[in-house]
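Peer 1: Let me give you the structure first, and then I'll get to my questions.
The values are calculated or read from the model by the stated rules, or taken from the named source; none is laboratory data. As the structure is a computational prediction, the values presented were derived from the model and not from experiment. Cβ: placed from backbone, ideal geometry, glycine included. Neighbour counts: every protein chain shown.
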Amino acid sequence: MTVASRSAPACERDFHAEDLSGDLDVLHAQLVLSPSHPLTRAGVEFEVQLDGEQIVDLVVKIGFAHRGFEKECETCCWEEVVSHAGRLNSHSGTLASLAYCLAVEELIGCASVERSEWLRVLASEIARVGDHLSRLGAVGRGLGSPIATAHALEAREWIWDLQESLCGARVATDYVRIGGVRYGLPEGFEQHMRAAIAAVRHKVSALEEVSLRNRVFLDRLRGTGVLSRADCIRHAVTGPLLRAAGADLDCRKAEPYLVYGDVDFDVPVGEYGDNYDRYLVCLEELRQSLRIMEQCVERLLRLGPGPTVVADAEMTSGAGGDGQVVVPPGESYAAVESANGELGFYLLSDGSSRPRRIRCRPPSLLHLQALAPMLRGAELADFAPTFDLVNAASSECDR
């Protein structure tokens with residue numbers, strides 16, 4: 001892949017630098033993109049300074065979706081926080097709930113049930129596919145391609161139907177719980193999943209064809225929103241953005257959790273760190289997640305029916321008879337590979353039925369700080385596809 005050069009011709013650069021420098025008092029226009037703007041897709045405001053159509057600087061303002069997430073969770077019992085964590089991302093809340101539950105289980109020291117680990121991986125990959133399809137659909141809308149958007153959202157409908165079949169809900173699933181998951185595989189799920197995967201693969205191939213053979217897509221994505229590997233590391237960027245810049249880092253491979261060490265899948269890696277590489281990485285990650293889903297169902301069918309959560313006696317205290325999870329004093333950190341990158345929870349327990357301190361490490365908050373270096377010097381038209389591929393969830397930016 002070739003990155004298109006955005007630099008001006010030498011003669012033009014010399015003319016501006018030597019002849020006009022210091023002679024003209026240039027005033028930059030300021031454009032405010034509020035949370036209600038259709039391009040933002042989140043509770044975030046952007047102050048953009050423009051020199052004509054070129055972005056000179058960008059200031060990101062968070063807090064429009066502020067609800068005091070961490071302090072709110074500290075007033076709840078350990079089980080109630082699971083639902084709060086699932087609301088951090090409207091498209092893949094299962095992954096946030098999983099990260100929290102893993103951190104709690106590390107403190108408790110409870111042994112996991114093998115069946116529940118495979119079910120958790122299955123639910124995680126379903127959520128990841130749905131999130132990636134939402135991201136690619138938004139890119140198609142931002143680039144004026146309703147056909148690409150339609151392919152992505154139709155595929156997402158199949159995935160959300162599958163998620164509803166497994167979890168009982170299409171978006172806010174509340175499927176993961178401390179110690180395991182709520183349900184096992186429903187009857188007929190294998191046939192439903194195979195039909196859904198076939199339909200999604202067909203739609204993803206159609207999406208790839210209509211987008212990557214479209215000259216407008218190529219010209220608008222190649223060489224735009226570039227963030228180098230060094231800058232990704234500097235800004236603590238992870239996930240598809242980091243992998244698009246050439247770093248082969250995925251929590252599922254680097255520090256395997258659950259049963260990811262027993263699953264066969266590849267980690268796609270880009271080269272230039274531009275929007276085109278990010279688009280390709282997300283497309284390939286879709287296909288890899290579908291592979292993982294098939295392996296999970298095959299293993300679950302071999303395991304057969306059985307318990308999907310550890311015994312309550314391992315997690316609850318008999319004192320008071322309330323049956324609430326009581327976590328021993330201590331601290332822990334657990335992270336998962338969410339659709340946007342590393343999402344982790346730091347927990348501090350004082351031995352009661354409520355957390356003493358909760359701290360979330362959300363990828364969206366960190367990625368938004370890298371949006372300004374991605375867009376400085378770019379055209380205003382590059383804002384939409386770049387922000388869509390960053391895929392920031394405003395609830396994760398709650399501070």
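Peer 1: Can you tell me how many residues within region 149-182 are out of contact with any Gly (no Cβ under 6 Å at 6 or more places or on another chain), crowded, with 23+ Cβ neighbours inside 10 Å, among the aliphatic types (A, V, I, L, M) and within 25 Å of Val210 (Cβ to Cβ)?
Peer 2: Qualifying residue count for the region: 2.
Peer 1: Criterion first (more than 23 Å from Glu284 (Cα to Cα), charged (D, E, K, R) and part of a loop (DSSP other than H, G, I, E, B)) does Glu187 satisfy it?
Peer 2: So Glu187 passes the test.
Yes/no matrix, rows are residues, columns are (1) charged (D, E, K, R); (2) at pLDDT below 95; (3) in the same structural domain as Pro268 (by TED's automatic domain parsing):
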| site | (1), (2), (3) |
| --- | --- |
| Gly179 | no, yes, yes |
| Pro186 | no, yes, yes |
| Glu190 | yes, yes, yes |
| Ser205 | no, no, yes |
| Arg213 | yes, yes, yes |
| Asp219 | yes, yes, yes |
| Gly223 | no, yes, yes |
| Val237 | no, no, yes |
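Peer 1: Taking interchain pairs and intrachain pairs at least six residues apart, which have beta carbon atoms under 8 angstrom, with the first residue in region 321-340 and not assigned by TED's automatic domain parsing to the domain that holds Cys110 and of a type outside the set (Gly, Ala, Ser) and the second modelled with pLDDT of 95 or more and buried (at least 22 other Cβ atoms within 10 Å of the Cβ)?
Peer 2: none
Peer 1: Hey, does region 152-161 have a residue that's in contact with a Phe, Trp or Tyr (Cβ under 8 Å, 6 or more places away or on another chain) and in the same structural domain as Glu106 (by TED's automatic domain parsing)?
Peer 2: no
Peer 1: Got a number for residues in region 113-168 being within 22 Å of Ala99 (Cα to Cα) and in contact with a Ser or Thr (Cβ under 7 Å, 6 or more places away or on another chain)?
Peer 2: The qualifying residues number 14.
Here's the yes/no breakdown for (1) assigned to a helix (DSSP H, G or I); (2) among the hydroxyl-bearing types (Ser, Thr, Tyr):
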| residue | (1), (2) |
| --- | --- |
| Ala198 | yes, no |
| Ser205 | yes, yes |
| Ser211 | yes, yes |
| Val216 | yes, no |
| Gly246 | no, no |
| Phe265 | no, no |
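Peer 1: Would you check if there is a residue in region 280-293 being of a type in the set (S, T, N, Q), modelled with pLDDT under 95, touching a helix residue (DSSP H, G or I) at 6+ places or on another chain (Cβ under 8 Å) and crowded, with 19+ Cβ neighbours inside 10 Å?
Peer 2: Scanning region 280-293 turns up no residue that is of a type in the set (S, T, N, Q), modelled with pLDDT under 95, touching a helix residue (DSSP H, G or I) at 6+ places or on another chain (Cβ under 8 Å) and crowded, with 19+ Cβ neighbours inside 10 Å.
Peer 1: Please verify whether region 201-219 includes one or more residues that are out of contact with any helix residue (DSSP H, G or I) (no Cβ under 9 Å at 6 or more places or on another chain) and farther than 25 Å from Glu284 by Cβ.
Peer 2: No.
Peer 1: Within region 349-399, restricting attention to residues that are under 23 Å from Ser36 (Cα atoms) and hydroxyl-bearing (Ser, Thr, Tyr), which residue is surrounded by the fewest Cβ atoms within 10 Å (Cβ to Cβ)?
Peer 2: This residue is Ser395.
Peer 1: Looking at Arg234, Arg229, Arg243 in this structure, which one is farther than 29 Å from Glu157 by Cβ and in contact (Cβ under 8 Å) with a residue 24 or more places away in the chain?
Peer 2: Arg229 is the lone residue from the list that is farther than 29 Å from Glu157 by Cβ and in contact (Cβ under 8 Å) with a residue 24 or more places away in the chain.
Rundown of residues vs (1) modelled with pLDDT of 95 or more; (2) assigned to a helix (DSSP H, G or I); (3) in contact with a strand residue (DSSP E or B) (Cβ under 9 Å, 6 or more places away or on another chain), yes/no style:
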residue: Ser83; (1), (2), (3): no, yes, no
residue: Leu88; (1), (2), (3): no, no, yes
residue: Ala99; (1), (2), (3): yes, yes, yes
residue: Leu107; (1), (2), (3): no, yes, yes
residue: Arg120; (1), (2), (3): yes, yes, yes
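Peer 1: Find the helices (runs of 4 or more DSSP H) located wholly in region 340-399 whose residues include 1 or more that are farther than 25 Å from Gln49 by Cα and within 18 Å of the chain's Cα centre (by Cα), and list them.
Peer 2: Hits in region 340-399: 363-369.
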